[in-house]
1. Within 11 Å, Cβ to Cβ, of residue 14, how many net charges do the neighbouring residues add up to if Lys/Arg are +1 and Asp/Glu are -1?
2. Rounded to whole Å, give me the distance from the Cα center of segment 116-172 to that of segment 60-99.
3. What's the extension gain from residue 127 to residue 41 if we count 0.36 nm per residue and subtract their Cα-Cα distance?
4. Report the one residue of 93, 123, 44 whose Cα lies farthest in the direction of the positive end of the charge dipole of segment 29-125 (charges on C-beta: Lys and Arg +1, Asp and Glu -1; origin at the Cα centre).
5. How long is the gain from residue 73 to residue 11 if the chain were fully straight, where each residue apart is worth 0.36 nm and the alpha carbon distance is subtracted?
Amino acid sequence: NHPPMTSNRIAHLEQALRARPDEPMPAIRLAAALVDAGTPARALELTERAIALAPGIAAAYAARALALRSIGRTGEAVDAWRQAIALEPMRSNYHWAFGWALAAAGRRREAAEAFDQAIVLAPDRFERRRSAVLFMLQTPQLDAARAHLGVLATRANVPPDLRGEAEIALLVLDEGARLRPALQTALRARDPRPLGDAVALAPAALLGED
């Protein structure tokens, strides 16, 4: 059973789908809500329906990717994100989620490239840079991590606590491999959630505006 607010939202979206069964967006919105609610199998069916109705809508492939990832079909989720990005290449949210799908598939270098593209498209999403740094330190891709830390340490509109954290991180990075585990621990201290959870957007939010 879903929580009352979630159930009410799903009921409203079900009603919208019944009212407009030949339009793709009601099915896409309901699919995203179902993934949020932990019902990805039905969400996947709805995305297939939406794609059959309108194969040129990027949001349908994005919702499909979310549903596939939720049921563990990571390789197919990667392909679905690629299709969504081909249709809407300027959506930073899509590149960001694509990166996490690639990371889940063990394709870490490609994941870092997707994160970089997301950051290029939305350069002031500073928490994304921070999350990308954490990921790149694990890979490790130290030059890329250092470049993002440099932005965080010097950009005037970065929040002061994040800028200070980046300045310290740059100093630690320069001390070499011996201190990198301590750096990862320090960066996580401000947000102790698992790496993927700390940056993942809810499906409904992911399909919205960047």
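Every read-out reported here was derived from the displayed coordinates using simple, explicitly stated rules and does not represent laboratory data. Here the structure is a predicted model, which is why all the values come from computation and not from measurement. FYI the Cβ positions are ideal-geometry reconstructions off the backbone, even for glycines, and counts take in every protein chain you see.
1. Values: positive: 9, 18, 29, 42; negative: none.
Every neighbour counted, the sum reads +4.
2. Each part's Cα centre sits 24 Å from the other's.
3. Numbers: separation 86, 0.36 × 86 = 30.96 nm, distance 3.14 nm.
That works out to 27.8 nm of additional length.
4. Looking along the dipole axis, the top candidate is 44.
5. Details: separation 62, 0.36 × 62 = 22.32 nm, distance 2.72 nm.
The span from residue 73 to residue 11 would gain 19.6 nm if fully extended.
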